[in-house]
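Coordinate-derived values only; no laboratory data. This is a predicted model, so every value here is computed, not measured. A quick note on method: Cβ atoms are made from the backbone with ideal geometry, for glycine too, and the neighbour counts reach across all protein chains shown.
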Amino acid sequence: MSTYPWAAGFVAGDRPQIVTSRFQYEDSYTLERYLATGGYEGLRAALAKPAAQIHDDVKNATVLGRGGAGFPAGTKWGLTPAGKFPRYLVVNGDESEPGTYKDRLLMERDPHQLIEGCLIACYAAGLSQCFLYIRGEMALAHERVGQALNDAYAAGYVGKNILGSRFSVDIALHWGAGAYVVGEETALIESLEGKRGEPRLKPPFFPAAIGLYGQPTIVNNVETLSNMPWLLRNGVEAYTAIGTQTSPGTRMVAVSGHVKRPGVYEIVNGTTTFRDLLYGDEFCQGIRKGNDLKAFVPGGGSAPWFTPEQLDLPFEGRLVGAAGSMLGSGAVMVMDHTTDIPKAALSLTRFYAHESCGQCTPCREGGTWLERILERICDGHGTESDLDLLIEVGTSICPGAFPHASSSKLGLEATPFPYKMTTICFVGPSAYAPVHSALTLFREEFEAKLTKRTLIPVTAGH
Amino acid sequence: MSRLSSANLELAKEIISRYPRARSAMIPLLHLSQEQNGYVTREAMSHIAELVGTTAAEVYGTASFYEMFKFEPIGRYCVNICRSISCHLLGADDLLHHAEEVLGVKPGGTTSDGLFTLEAVECMAACTEAPAVQVNYRHRFRVATEHFDQLIADLRAGRLADEIPEHGTLARVRQHLPADKAAGNVDPGVPVSPAWMEAAS
C-alpha cells in the first residue's frame, strides 16, 4: 500500500511536500538526482547572506523541533552563550520511540537533504563541527548517508571552504549500538563521548550551554534539519503559508496499528485532525474490517492515550497538550475494539522498563515493577490490590496528577500535559503513561482479568 | 589473534581521526571489531582501550550498555522479531512463537548449526509495516508466518547473501574523509570563533 516500492511505508498524496518531495524518484538518494531537483541551492542561498540573517529566517519561520519536545529550532540555536566557541552540532538520528519512523525514511531516501540541513544549521548558528548520530539498527540508513557524505565531500559541498566560501565544516557519520535512551539529547552526547548512554542532569546545564566535550552544542532531530533546505530555497513566507501560525510547515506522521491503510504521511501542520488522519480517504481510510475505534496513542509510545472523543482535535502541539497528551515524535497508534487493553499497555510498558538506563531508582525499579504486575494481571494471577499497586508505583515516578484526556462516559476532565517526575529523563514517566491511560479509561478490562482466588496471607513466623 | 587486524587498525585510526577526542570513536571501533570477529572479543576491547586511551574495563563498561554488542559468538544471522506496540497489535506474539518453533530455540538462543540467533526486540522503526523483522539489521516488512518460513529457507540456501552480510557487518559503505577536503577537527579546548562568523561581524 506504499505509494512507491522503494519507499516502503510512505504514502504520497495531493498535499504540500517539504521533506518528501524526492521520494517519488527511485534514485532520490543520489547526488545526481539531488542536484537535478534543487539540491544544495538552499545552502548557496544561505552562504550569500550573513549567518545572523539565516538564523533570523529560521527563527521567523518557527520551525518546530520534530524530535518530540517541539521546541523551535531557531530559538534553540540562539541559546548558546554569546561569544563561547567552539560550538558543535549533533544530529539526532537515533529514532526508536515505539510507533515512530520518519527519520529512517528521510535518511534512506534523501540523505543529501539532511546533509544540506546540517550545513545550513552550522552556518547560521556558528557550529564548527557536526556529528551525525544514526541509530545502530539502521544499516541501510548508514550506507545511504555514508555514500552521500563521500559524494558531497568529493563535490565540495562539505569540508574545507564549502563552495569556495570561508565556511568550513566537517560532518562525521557516527554509529549507535542499540539503546533507546540515547535518543535523549544529553544521553546522545554521553554516547558520542564514548560512554554509556546515561542522560545528564538538567537543569542547570542544557546542551546549548554545556554539551559535547563541555562546549555549547545544538542537538537537532533529522526531520527538523531536513526542513532547512526547502526553507532557504523558498523563503520564510512560503514556509509559513503552510500550516498554522503556531505550527507552520508540514510534519511527518506514522499511523500504525488497526487502520486500513497504515503509512507515513507528510501532513499539513496544525490543521489536519486525527479524524482526517484515521478516516480520511487520502490517509488511513478508516479502521480495519469496519471495526470500531477503541483508543489511539497520538504522539509516540510515551503519550497518554486518546479515545474517539478526541478525534476532532487538530494535529497541533498546544491543543493536544491542553487535552492531556502530546504530539511527541509524530506517531499515531490505533487500537480497534478487539484490542486487549491490558496486553497493549504491557507491550508499551515493557519497552520502557527494558530501555531504562538504570541511573534513577524510580525508573529502574518502578518500570520493572509495572511490567511484572501487568504481566501477572495478563496471565490471570493479578489481585485487586495490584491495581492500586500500579498506581502507587506510577506515582513514585510521577508524583501528582498525571495527564489524561477527558471522557464524558467516565465524567473525567482533561489534565493537561506535562507531568512531574522524580527521574532525570522521561523514560521512567513513559513506562507509567500507558498504564495510567489504560487503567483510567479501561479499568474494567483489568478487573476482568483478576484472579477470583482468595490468597492466604503469609504471616510472621511461617 | 582477535585484536584488530592490520587493515582494520588502519581503518580504526582513520575513524579516530574524525573526532576531537579519541574516546568518541569507541562505539564505531566496537562495531569494527564485531565486524571482524562476529562478536566483540576481550582482546579487541583491550586493543580499543589502547587506541582511544582508556582501560579495557572502561571499554567493556561502555560496550555492555549497548544491545548490539555481543560478547560471545552468535549465529551467522541474527533474526530479530519486533514485539513493540504496533507489531504487537498485528500479530507479533504469534510470529515470535512460530519463529521459536521453526528455529527450535527461544529468544537469545542460537541454532545448533550456528546459522541463526533468535531475538525478541523492541521497536525497529517500521511500525506501519507490521509485523516487522530484521536479519542482521536489514528489514523485512509485513512478515506473515509463511513469509518467515521462506525467509529462513532463503537464508539457509544462501540466496540472500548479496543483500544480507554476516552478523557483525553493519554498513558496507564506509565514510572516507579525504585529507585534502577535510575542514579538520575542532578542538574543544581552543576558543576560536568560526571564520565565517568573524567575516560577518
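The GNM of chain B, with springs linking C-alpha atoms under 10 angstrom apart, assigns the highest mean-square fluctuation among B:Ala22, B:Ala179, B:Ala144 to B:Ala179.
Label positions at A:Asp312 and A:Arg33, each projected 7 Å from the Cα along the C-beta direction, are separated by 4.2 nm.
Please tell me the relative contact order of chain B in percent, rounded to the nearest whole number, where contacts are Cα pairs under 8 Å and at least six residues apart. If you can, show how the numbers build up before the last one.
On the way: 270 pairs, mean separation 40.9, N = 201.
Value for chain B: 20 percent.
Phi-derived couplings, Karplus 6.51 cos²θ - 1.76 cosθ + 1.60 at θ = phi - 60°, listed residue by residue for region A:322-327: 5, 7, x, 9, 8, 7 Hz, with x used for Gly and Pro. For chain B, a crude dipole built from +1 on the beta carbon of Lys and Arg and -1 on the beta carbon of Asp and Glu, taken about the Cα centre, is about 420 debye to the nearest 20.
If the limit is 24 Å between Cα atoms, which of A:Lys76/A:Lys102; A:Lys202/B:Lys70; A:Lys343/A:Lys452; A:Lys294/A:Lys420 go over it?
On the way: A:Lys76/A:Lys102 22 Å; A:Lys202/B:Lys70 32 Å; A:Lys343/A:Lys452 19 Å; A:Lys294/A:Lys420 28 Å.
The answer is A:Lys202/B:Lys70; A:Lys294/A:Lys420.
Applying a 4.7 Å cutoff between beta carbons, the unpaired cysteines of chain B are B:Cys78, B:Cys123, B:Cys127. Placing a label point 7 Å from the Cα of A:Leu140 along the Cα-to-Cβ direction, the residues of region B:159-201 with a backbone N closer than 13 Å are B:163-164.
Per-residue shielding of B:66-72, expressed as the average number of other chain Cβ atoms within 10 Å of the residue Cβ, stands at 4.
For region B:20-81, treating each Cα as an identical point scatterer without solvent, what Debye log10 I(q)/I(0) comes out at q = 0.21 1/Å? The computed values of log10 I(q)/I(0) come out as -0.76.
The value for chain B of Rg(Cα) / (2.2 N^0.38 Å) is 1.25. Semi-axis lengths, largest first, of the ellipsoid equivalent to region A:59-153 are 23, 17, 12 Å, with √(5λ) applied to each eigenvalue of the Cα gyration tensor. Report the Cα centroid-to-centroid distance between region B:23-37 and region A:235-288 in angstrom, as an integer. Here the two parts' Cα centres lie 40 Å apart. Take each residue in A:49-61, count the other chain C-beta atoms within 10 Å of its C-beta, and the mean is 1. Put in line by how crowded their Cβ is, counting other Cβ atoms within 10 Å and starting with the fewest, A:Asp170, B:Asp149 read B:Asp149, A:Asp170. Kirkwood analysis of the Cα pair distances in region A:1-135 returns a hydrodynamic radius of 16.3 Å. Our compactness index for region A:1-65, the C-alpha radius of gyration over the empirical 2.2 N^0.38 Å, is 1.41. Summarising the strand pairing of region A:71-196, around 10 percent of its internal DSSP beta bridges are antiparallel. Projected onto their three principal axes, the Cα atoms of region B:1-50 cover extents of 29, 18, 16 Å, largest first. Here's the list of lysines a cross-link from A:Lys160 could span, going by alpha-carbon distance under 16 Å and ignoring same-chain residues fewer than 8 apart: B:Lys181. Amide hydrogen proximity for A:Asn92: with H placed 1.01 Å from N in the peptide plane, the residues at 5 or more positions away or on another chain lying under 5 Å are A:Asn220, A:Asn221, A:Val222.
Across q = 0.13, 0.23, 0.31 Å⁻¹, region B:144-201 modelled as identical point scatterers on its alpha-carbon atoms has Debye log10 I(q)/I(0) values of -0.63, -1.03, -1.19, in the order of the q list. Under the criterion of Cα pairs below 8 Å and six or more residues apart, the relative contact order for region A:240-383 equals 20 percent. Rounded to whole Å, the principal axis extents of the Cα atoms in region A:188-230 read 34, 21, 15, largest first. The alpha carbons of region A:269-358 occupy a box of 43, 32, 20 Å along the principal axes, longest dimension given first.
Quick check on chain A: of the DSSP beta bridges with both residues there, what percent are antiparallel, nearest 5%? Mind dumping the intermediate values first?
Working: 18 of 40 bridges.
Bridges in chain A that DSSP calls antiparallel: roughly 45 percent.
In order along region B:106-116, the phi-based Karplus estimate (6.51 cos²θ - 1.76 cosθ + 1.60, θ = phi - 60°) of 3J(HN,Hα) comes to 8, x, x, x, 10, 5, 5, 7, x, 7, 10 Hz; Gly and Pro are listed as x.
Its alpha carbons give the protein assembly as shown an Rg and a Dmax of 24.3, 83 Å. Take every Cα pair under 8 Å whose residues are at least 6 apart in sequence, average their separation, divide by the length of chain A, and the relative contact order is 15 percent. Its DSSP H runs of at least 4 residues, each contributing -39,500 (n - 2.57), put the calculated 222 nm mean residue ellipticity of chain A at -11000 deg cm²/dmol, to the nearest 500.
Averaged over all directions, how much area does the convex hull of the C-alpha atoms of region A:129-279 cover when projected, in nm²?
Numbers: hull surface 49.0 nm².
Value for region A:129-279: 12.2 nm².
Put simply, the convex hull of the Cα atoms in region A:326-433 casts, on average, a shadow of 7.5 nm². Residue exposure proxy: B:Thr169, B:Thr117, ordered by other Cβ atoms within 10 angstrom of their Cβ from fewest to most, comes out as B:Thr169, B:Thr117. Rg and Dmax, both from the Cα atoms of region B:96-186 and both in Å, are 17.2, 55.
Stokes-Einstein D for region A:169-212 at 37 °C, 0.692 mPa s, Kirkwood Rh over Cα pairs, in µm²/s? Write out the running numbers ahead of the final one.
Values: Rh = 11.0 Å.
For the chosen part, D equals 298 µm²/s.
Across q = 0.12, 0.14, 0.18 Å⁻¹, region A:191-317 modelled as identical point scatterers on its alpha-carbon atoms has Debye log10 I(q)/I(0) values of -0.66, -0.83, -1.03, in the order of the q list. Residues B:Ile27, A:Ile373 in ascending order of nearby Cβ atoms (within 10 Å, fewest first): A:Ile373, B:Ile27.
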